[in-house]
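Quick notes on the structure that follows.
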Amino acid sequence: MEKYFVIDFDSTFTNVEALDLLGEISLSNASDRDDRLHRIKEITDQGMDGGMSFRESLEQRLHLLEAKKEHLDQLVPKLKERVSKSFHRNEEFFRNHADHIYILSNGFKEFIVPIVTEYGVKPDHVYANTFEFDHSNNIVGFDQDNLLSRNNGKAKQIERLELKGEVSVIGDGYTDYEIKEAGLASKFYAFTENVARDKVLKKADHVAPSLDEVLYVNKMNTAISYPKNRIKVLLLENIHPLAEKILKEEGYQVETHGGGMDEQELMDRIKKVSILGIRSKTQLTDKVLAKAQRLLAVGAFCIGTNQIDLECCLKKGVAVFNAPFSNTRSVVELAIAEIIMLLRKIPERSKEMHLGQWNKSAQNSYEIRGKKLGIIGYGNIGSQLSVLAENLGMEVYYFDLVEKLAMGNVRQCQSMDKLLEIADVVTLHVDGRESNRNFFGEEHFKKMKPGAAFINLSRGSVVNIHALKEAIESGHLVGAAVDVYPQEPKNNQEEFVSELRGMPNTILTPHIGGSTQEAQQNIGNFVPNQIIQYVNTGSTSNSVNFPQVLLPTLKNAHRLMHIHHNVPGILAKMNQVFAKHQINIMGQYLKTNETIGYVITDIDKEYDAEMIEELKQIEDTIRFRVLY
């Protein structure tokens with residue numbers, strides 16, 4: 001049976017009501033512009049919801065618009081920029097099925113035809129109203145005889161077309177549903193990519209957050225293999241709203257949760273999740289991953305990834321992305337601030353002032369200029385800290401297990417003991433891998449210079465907290481600043497418990513090293529875009545666990561992703577399948593690490609379901625996906 005698609009224009013083919021946009025143009029110099037635009041929108045919504053007759057709605061809007069023919073010339077370019085993303089993405093669908101696609105709108109041909117014909121829609125398949133103009137080219141009305149200017153006009157127009165086959169209507173308004181209600185369509189898709197109307201949703205056979213969803217249901221996918229609206233995202237721990245915005249704009253279903261989740265909570269929630277976003281509190285363990293059958297990617301909206309079982313993710317074909325540079329400056333600024341505060345004994349002076357004590361004295365209060373700063377861990381944060389500290393006049397030393405290029409006049413220590421012996425301030429910037437648990441303990445505090453200060457802005461597990469407490473209590477250390485702890489509350493409602501509470505000249509902060517608006521915005525932008533690039537193109541650049549592959553997006557091609565255990569012969573078996581089905585390979589990329597092989601194959605012709613199944617069934621396959 002032939003399939004026909006009848007598609008609305010306003011808020012469906014484009015993401016705006018064209019008459020609303022026309023009003024912004026025609027009323028640009030009107031003194032009551034805002035009032036009129038608001039009234040036009042109200043009338044539009046009433047007409048779409050069925051709360052007002054369409055003809056009445058149209059007459060009232062045209063009266064308010066006071067538009068001219070010249071305004072239409074300005075409107076068309078603006079509408080071209082507002083074509084719905086999923087329609088733009090699926091231009092090939094319109095060209096391939098032009099004989100079976102109709103645009104049916106209560107809008108006007110004068111601005112609809114120039115838009116839709118660029119996508120391959122036939123001009124004689126566009127049914128809409130037409131304007132009437134006076135001798136000065138003012139829009140004064142519309143063709144009253146046109147069926148689409150009347151109530152229930154869309155249904156009557158479809159009836160005249162006498163389409164022989166299965167008719168699907170795609171639209172966001174009540175007038176679109178009326179076609180199905182009249183028995184002239186097999187299915188009504190409520191299109192919600194741009195606007196969702198409750199009254200319309202209740203009447204829908206199927207809610208379509210994008211055109212991809214309609215094509216997927218009808219097995220007519222072209223631009224992508226799987227509708228983005230079916231990709232579920234779970235963001236935990238108050239990730240910046242920009243991340244949610246970016247992922248929603250991409251078309252994903254996004255759910256947010258303010259705090260972290262314990263293992264059991266996450267096991268219950270992750271079953272249908274395709275993309276997970278976390279910060280440092282949530283532990284992604286092997287038990288959780290065992291329940292994550294749909295998980296494609298994990299975003300660590302922070303620097304560290306020790307809270308994630310990276311090897312287990314790798315074995316399950318789950319790519320992990322983090323933000324290694326996005327909050328570096330924020331952490332460094334906090335470190336600088338804490339160095340100054342500790343050497344000036346600001347925590348003690350502030351505490352005294354709150355108790356009403358005035359203790360003005362220079363005793364045991366020092367400038368940081370000329371003091372020796374010892375940095376343990378000379379990565380992104382450590383190296384940037386060294387630059388700022390040197391600019392403030394400090395003498396900077398660093399120790400790292402890996403050979404690193406020193407910035408400026410910074411000096412490398414060949415041993416950590418040497419650094420501890422000379423530094424007035426010691427600051428830790430090491431990662432939280434298991435081998436670094438209790439990395440810094442009693443013996444290290446004892447080797448520190450008497451009267452030195454200690455700072456930990458890295459990971460809570462790397463420091464023996466009891467040993468730090470004893471070093472402060474004994475007076476061996478002048479004070480400390482700690483931002484991370486072995487056990488941290490899951491959310492802001494839980495009590496913070498630590499031996500360090502009440503310690504003199506000790507700054508305790510609630511893991512806020514990277515918690516500035518700038519850092520969180522940078523992270524909220526960086527991580528989602530890395531994940532989107534991976535989902536769309538297969539590129540794994542900046543993944544912390546996958547082989548690194550950076551790929552272009554190809555037109556007129558299909559891209560297939562194959563993840564497998566790193567054993568010999570997989571690529572040969574894949575190519576045997578392609579040869580069997582006479583598939584021409586346009587490009588092929590293979591990268592491996594110790595655990596997996598990652599293959600991207602671009603092919604230039606249609607493929608059949610049998611070929612896909614054969615690729616999935618190759619022994620040692622972990623995951624196979626058609627990207628586009």
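Residue by residue, here is whether (1) under 22 Å from Val484 (Cα atoms); (2) charged (D, E, K, R); (3) at pLDDT below 95; (4) touching a Pro at 6+ places or on another chain (Cβ under 6 Å) holds:
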| residue | (1), (2), (3), (4) |
| --- | --- |
| Leu342 | yes, no, no, no |
| Leu385 | yes, no, no, no |
| Glu390 | no, yes, no, no |
| Leu419 | no, no, no, no |
Against the condition surrounded by 15 or more Cβ atoms within 10 Å (Cβ to Cβ), modelled with pLDDT of 95 or more, out of contact with any Lys or Arg (no Cβ under 6 Å at 6 or more places or on another chain) and outside the structural domain of Gly299 (by TED's automatic domain parsing), how does His558 come out, does it pass?
no
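Can you tell me how many residues in segment 164-183 are within 20 Å of Met1 (Cα to Cα) and surrounded by 16 or more Cβ atoms within 10 Å (Cβ to Cβ)?
Here is the first cut: in segment 164-183, the residues within 20 Å of Met1 (Cα to Cα) are 164-170, 179-180, 183.
Next, only the ones that are surrounded by 16 or more Cβ atoms within 10 Å (Cβ to Cβ) stay: 167-170, 179-180.
The number of residues fulfilling the criteria is 6.
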Among the residues that make up segment 615-623, is at least one of them hydrophobic (A, V, I, L, M, F, W, C), within 19 Å of Ala319 (Cα to Cα) and crowded, with 19+ Cβ neighbours inside 10 Å?
no
Specify the residue that is surrounded by the most Cβ atoms within 10 Å (Cβ to Cβ); the eligible residues are those in segment 334-376 that are touching a residue at least 24 places away in the same chain (Cβ under 8 Å) and of a type in the set (Val, Ile, Thr).
Ile375
Scan segment 21-31 and give yes if some residue there is part of a helix (DSSP H, G or I), under 34 Å from the mean Cα position of the chain (by Cα), of a type in the set (S, T, N, Q) and in the same structural domain as Leu211 (by TED's automatic domain parsing), otherwise no.
no
Which members of segment 357-397 meet the condition of being out of contact with any Asp or Glu (no Cβ under 9 Å at 6 or more places or on another chain) and basic (Lys, Arg)?
Lys360, Arg369
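Looking at Phe108, Phe87, which is the one that is of a type outside the set (Asp, Glu) and in contact with a helix residue (DSSP H, G or I) (Cβ under 7 Å, 6 or more places away or on another chain)?
Of Phe108, Phe87, the one residue that is of a type outside the set (Asp, Glu) and in contact with a helix residue (DSSP H, G or I) (Cβ under 7 Å, 6 or more places away or on another chain) is Phe87.
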Lone qualifier among Gly171, Gly153 - being within 27 Å of Gln46 (Cβ to Cβ), at pLDDT 95 or above and among the small types (Gly, Ala, Ser)
Gly171
Quick check: anything in segment 253-263 touching a residue at least 60 places away in the same chain (Cβ under 8 Å) and assigned to a helix (DSSP H, G or I)?
no
Output the residue which, of all residues in segment 60-82 that are acidic (Asp, Glu) and touching a residue at least 12 places away in the same chain (Cβ under 8 Å), is farthest from Asn137 (Cα to Cα).
Glu66
Please work out if Ser11 is without any contact (Cβ under 8 Å) to a residue 60 or more places away in the chain, assigned by TED's automatic domain parsing to the domain that holds Phe133 and among the polar types (S, T, N, Q).
no
Among what's in segment 397-443 and is charged (D, E, K, R) and not in a loop (DSSP other than H, G, I, E, B), pick the residue that is surrounded by the fewest Cβ atoms within 10 Å (Cβ to Cβ).
Glu434
Counting just the residues of segment 459-474 that are at pLDDT 95 or above and either part of a loop (DSSP other than H, G, I, E, B) or of a type in the set (S, T, N, Q) (or both), which one comes out farthest from Ile376 (Cα to Cα)?
Ser474
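For residues that are in a helix (DSSP H, G or I) and among the hydrophobic types (A, V, I, L, M, F, W, C), scanning just segment 511-563, find the one that is farthest from the chain's Cα centre (by Cα).
The initial filter retains those residues of segment 511-563 that are in a helix (DSSP H, G or I), namely 517-537.
Now drop any that are not among the hydrophobic types (A, V, I, L, M, F, W, C), which leaves 519, 523, 526-527, 531-532, 535.
On the way: Ala519: 16, Ile523: 10, Phe526: 8, Val527: 7, Ile531: 7, Ile532: 7, Val535: 11 Å.
Among residues in segment 511-563 that are in a helix (DSSP H, G or I) and among the hydrophobic types (A, V, I, L, M, F, W, C), the one farthest from the chain's Cα centre (by Cα) is Ala519.
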Please verify whether Val200 is in the same structural domain as Glu159 (by TED's automatic domain parsing), among the β-branched types (Val, Ile, Thr), outside any loop (DSSP other than H, G, I, E, B) and buried (at least 20 other Cβ atoms within 10 Å of the Cβ), treating the condition exactly as stated.
yes
Gly370 vs. criteria in a loop (DSSP other than H, G, I, E, B) and under 19 Å from the mean Cα position of the chain (by Cα):
no
Filter segment 76-93 for residues that are surrounded by fewer than 21 Cβ atoms within 10 Å (Cβ to Cβ) and among the hydrophobic types (A, V, I, L, M, F, W, C); the one that is nearest to Val16 (Cα to Cα) is Val83
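The values are calculated or read from the model by the stated rules, or taken from the named source; none is laboratory data. What you see is a predicted model; the values in this text were computed from it and never measured. Neighbour counts run over all protein chains shown; Cβ positions are idealised from the backbone, glycine included.
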